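Engineer: Sharing a structure below in structure tokens format, with a few things to ask.
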Amino acid sequence: MTLESILTLTGLIAIIIGLYSNRGRPAYWFVTVAVVLYLAGVLTLPEVLTGLTNEGVVTLALLMIIAFLVQDSGLLEKPIEAMLNRANRNGAGFIGILAPVALVSGFLNNTPIVSMLVHPIRQWALDRGMAPSQFLMPLSYAAIVGGTLTLIGTSTNLVVFGLVKDMELDHSLHLLSPAWVGLPLTVLFLIYYWFARHRLPNRTPADTRSQTVTHFQIPARVTDAIAGQSVQDAQLRNLKHGYLYRLVRATDEVLEVDSQTRLHAGDQLVFLGAPQLVKELSHLKGVEFSNHDTLEGAEPTHLVEAVVPMGSSLIGKTAKEVGFRKRFGSVIVSIAHQTEQRFGKLGQYTLKAGDLLLLETQNDHKTRIAASDLMVLNRYHSGQPPQARRRSYLTLLAFPAMVLLGSALGFPLLDIALVFIALALLTGLARPNQLPKGIELELFAILVGALALARAVDKTGLADAVVSLLNGLPLTPLWALAAIFMLTWLMTELLTNNSAAALMLPFALPIGALYGLSVNQVAITVMIAASASFVTPFGYQTNLMVLSAGNYKPIDYVKFGLPLVVISAVTTVTIVYLLL
């Protein structure tokens with residue numbers, strides 16, 4: 001090995017250790033290693049920045065903008081509501097939701113698709129006396145397998161496609177190339193769900209109160225009549241139309257409220273609930289507020305559910321340490337961590353990846369919450385005039401048609417995405433100030449660093465040096481495909497899907513060449529394997545989104561997801577070997 005390849009290998013190991021230990025954001029590790037390789041002379045500046053002009057990365061940026069516009073518009077809320085109303089109480093009826101989710105995920109980034117569906121599906125299940133744990137994990141998996149239907153269904157596919165083009169390899173990949181595997185895999189997943197849904201946990205959260213998007217803050221004051229009593233004794237704990245979630249003492253001290261909190265005369269109480277809460281409070285002694293027959297003085301507010309993602313700067317810190325209220329313009333009402341729910345002393349709780357936060361915030365919360373720190377699940381949408389809404393629906397429906405027709409005519413996906421965004425601006429589906437909000441800078445920093453590292457692996461001959469160790473192994477092409485799949489899948493579960501795809505492809509290509517596999521065969525195997533994150537909640541964003549929302553434990557992913565990994569591996573290797 002040369003000094004350059006040793007430096008590159010050291011950088012790879014540092015990234016794997018850093019990501020696996022969850023110390024610092026993933027982007028920091030990738031960018032830092034890329035910069036070190038540049039300073040060491042392994043890479044030139046254009047090679048370090050190659051990701052900024054990579055066709056796959058730029059296309060991904062545009063597709064993320066499109067997905068954000070769809071999510072932010074609220075156009076899918078009525079179709080989602082109609083689908084849920086048609087689904088019956090039998091779990092098998094949920095296939096009527098999973099199949100469309102998989103199909104839509106083939107054309108829109110699957111992360112925002114799941115983000116839009118977690119809250120309504122969770123509430124739909126609770127309203128019907130069913131456990132959300134029966135539905136949210138399959139939702140995530142449906143979006144994952146659906147993303148393998150096309151090149152644009154998931155960022156992983158575009159990363160692999162961009163790398164293949166960047167390396168100027170001989171290939172024939174196109175929009176529907178992954179569908180050779182993705183379509184059978186989607187059908188097999190739906191069949192698996194039908195027969196294996198009993199393996200899902202039946203776990204209902206302790207708190208099942210309806211969490212609608214808009215509630216009201218209702219301020220009140222404690223009088224002498226209940227001074228010295230606890231919140232429980234004063235009958236302020238189990239209200240029908242809302243709940244007490246904030247108490248401000250005369251010293252301006254904001255207290256965490258639990259059932260045993262002692263009330264003082266003059267304490268300022270803030271209730272969160274529906275308009276009917278005002279009348280309910282008027283029947284309780286010791287609670288005083290002005291004009292109790294109206295909502296005069298009540299401040300409208302919005303409840304937002306958000307998940308702490310992997311790599312968030314909040315992980316390992318308390319809300320008090322990060323100045324949560326000031327930083328995000330929001331107050332934490334409750335926190336769910338896997339199967340646990342917390343309501344008291346939230347400022348002292350150490351946040352973890354996958355935590356589900358219920359936040360009280362104002363209308364402008366979307367501008368204050370960074371996607372890299374919190375993934376917002378339910379959003380407040382302002383309505384569109386009927387005519388503009390119809391125009392927006394037509395524009396939205398035009399997207400898959402444009403993608404299919406444009407690809408059939410040989411237009412690059414990048415050009416198709418640009419034309420659609422221009423059309424969205426002209427029809428009012430999008431406004432210019434919305435476009436930058438759809439781009440996740442954290443993800444693109446990871447991709448730029450990962451592509452630079454992939455270039456270093458190829459340039460220094462590190463991949464060839466590692467592959468030369470396999471020369472003596474008696475592998476057939478079929479077993480070589482299986483090895484590529486399993487190594488990529490393992491990297492995905494240990495790291496993340498995009499990181500695994502970017503880091504594995506430079507090694508997988510020479511392995512494939514050694515055993516007579518084509519670029520298409522290797523690329524599609526890496527695409528599917530990097531998305532087959534079914535046994536941990538941390539390898540794929542959508543799995544993490546549903547972790548606490550569905551009251552799951554990590555072992556639940558293993559029980560339901562491990563057979564899916566086997567199905568994915570066998571299906572991918574067999575089809576790629578025989579048909580591609």
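Engineer: Determine if region 60-78 includes at least one residue that is more than 23 Å from G153 (Cβ to Cβ) and in a helix (DSSP H, G or I). Working first, answer last.
Structural biologist: Restricting attention to region 60-78, the residues satisfying the condition of being more than 23 Å from G153 (Cβ to Cβ) are 78.
Narrowing the set further to residues that are in a helix (DSSP H, G or I) leaves 78.
Yes: one or more hits.
Engineer: Further question on the same structure: Within region 240-292, take every residue that is open to solvent by 60 Å² or more (accessible area, probe 1.4 Å), part of a loop (DSSP other than H, G, I, E, B) and among the polar types (S, T, N, Q) and give me the one that is modelled with the highest pLDDT.
Structural biologist: The extreme case among them is Q260.
Engineer: Also, I was wondering about something else. Which one of the conditions (1) in a loop (DSSP other than H, G, I, E, B); (2) surrounded by fewer than 16 Cβ atoms within 10 Å (Cβ to Cβ); (3) modelled with pLDDT of 85 or more does P201 fail to meet, given that it meets all the rest?
Structural biologist: It is condition (2) that P201 fails.
Engineer: Name, by its number, the condition in (1) part of a helix (DSSP H, G or I); (2) of a type outside the set (V, I, T); (3) under 16 Å from the mean Cα position of the chain (by Cα) that does not hold for F507.
Structural biologist: Here F507 clears every test but (3).
Engineer: Hey, does region 82-93 have a residue that's over 24 Å from M130 (Cβ atoms), modelled with pLDDT under 75, assigned to a loop (DSSP other than H, G, I, E, B) and touching a Phe, Trp or Tyr at 6+ places or on another chain (Cβ under 7 Å)? Give the derivation first.
Structural biologist: First pass over region 82-93, keeping only residues over 24 Å from M130 (Cβ atoms): none.
Among the residues of region 82-93, not one is over 24 Å from M130 (Cβ atoms), modelled with pLDDT under 75, assigned to a loop (DSSP other than H, G, I, E, B) and touching a Phe, Trp or Tyr at 6+ places or on another chain (Cβ under 7 Å), which makes the answer no.
Engineer: So, one more: Out of all the residues in region 96-140, which are open to solvent by less than 30 Å² (accessible area, probe 1.4 Å), touching a Gly at 6+ places or on another chain (Cβ under 7 Å) and either acidic (D, E) or in a helix (DSSP H, G or I) (or both)?
Structural biologist: V101, A102, S105, N110, P132, S133, L136, M137
Engineer: A further question follows. Would you confirm whether any residue within region 384-394 is part of a helix (DSSP H, G or I), at pLDDT below 80, of a type in the set (K, R) and surrounded by 13 or more Cβ atoms within 10 Å (Cβ to Cβ)?
Structural biologist: From region 384-394, those part of a helix (DSSP H, G or I) are 386-394; that's our starting set.
Keeping just the survivors that are at pLDDT below 80 gives 386-394.
From what is left, the residues that are of a type in the set (K, R) are 389-391.
Pick out the ones that are also surrounded by 13 or more Cβ atoms within 10 Å (Cβ to Cβ) and you get 389, 391.
Looking for residues that are part of a helix (DSSP H, G or I), at pLDDT below 80, of a type in the set (K, R) and surrounded by 13 or more Cβ atoms within 10 Å (Cβ to Cβ), one finds at least one in region 384-394, hence yes.
Engineer: Of the numbered conditions (1) small (G, A, S); (2) open to solvent by 20 Å² or more (accessible area, probe 1.4 Å); (3) modelled with pLDDT under 75, A225 satisfies every one except a single condition; which is it?
Structural biologist: In the conditions (1) small (G, A, S); (2) open to solvent by 20 Å² or more (accessible area, probe 1.4 Å); (3) modelled with pLDDT under 75, A225 misses (3) alone.
Engineer: If you scan region 315-349, which residues turn out to be modelled with pLDDT of 75 or more, aromatic (F, W, Y) and part of a loop (DSSP other than H, G, I, E, B)?
Structural biologist: Listed by number, the list holds a single entry, Y349.
Engineer: For region 52-66, check the following and say yes or no: at least one residue is open to solvent by 60 Å² or more (accessible area, probe 1.4 Å) and touching a helix residue (DSSP H, G or I) at 6+ places or on another chain (Cβ under 7 Å). Please lay out each step first, then the result.
Structural biologist: Within region 52-66, the first condition is being open to solvent by 60 Å² or more (accessible area, probe 1.4 Å), and the residues that meet it are 52-53.
Of the ones still in play, those that are also touching a helix residue (DSSP H, G or I) at 6+ places or on another chain (Cβ under 7 Å) are 52.
Scanning region 52-66 turns up at least one residue that is open to solvent by 60 Å² or more (accessible area, probe 1.4 Å) and touching a helix residue (DSSP H, G or I) at 6+ places or on another chain (Cβ under 7 Å).
Engineer: Right, something else. Quick one: what pairs do we get from region 217-232, first residue part of a strand (DSSP E or B), second among the acidic types (D, E), C-beta under 6 Å, 6+ apart or different chains?
Structural biologist: Q217/E299; R221/E288; V222/D267
Engineer: Mind counting the residues in region 468-499 that are at pLDDT below 85, touching a helix residue (DSSP H, G or I) at 6+ places or on another chain (Cβ under 8 Å) and either of a type in the set (G, A, S) or surrounded by 19 or more Cβ atoms within 10 Å (Cβ to Cβ) (or both)? Before you say what the answer is, go through the steps one by one.
Structural biologist: Residues of region 468-499 that are at pLDDT below 85, as a first pass: 468-475, 493-499.
Filter once more, keeping what is touching a helix residue (DSSP H, G or I) at 6+ places or on another chain (Cβ under 8 Å): 470-471, 475, 494-499.
Those still in the list that are either of a type in the set (G, A, S) or surrounded by 19 or more Cβ atoms within 10 Å (Cβ to Cβ) (or both) too: 495-499.
Total satisfying the criteria: 5.
Engineer: Oh, and also: Quick one: how many residues across region 523-573 are over 16 Å from L200 (Cβ atoms), in a helix (DSSP H, G or I) and of a type in the set (A, V, I, L, M, F, W, C)?
Structural biologist: Residues meeting the conditions: 15.
The values are calculated or read from the model by the stated rules, or taken from the named source; none is laboratory data. The model shown is predicted, which means the values in this text are computed figures rather than measured ones. Heads up, the Cβs are rebuilt from the backbone with ideal geometry, glycines too, and the neighbour counts pull from every protein chain shown. In case anyone asks, the SASA skips ligands and DNA or RNA and just uses the protein heavy atoms, side chains included. Shrake-Rupley method; radii C 1.70, N 1.55, O 1.52, S 1.80 Å.
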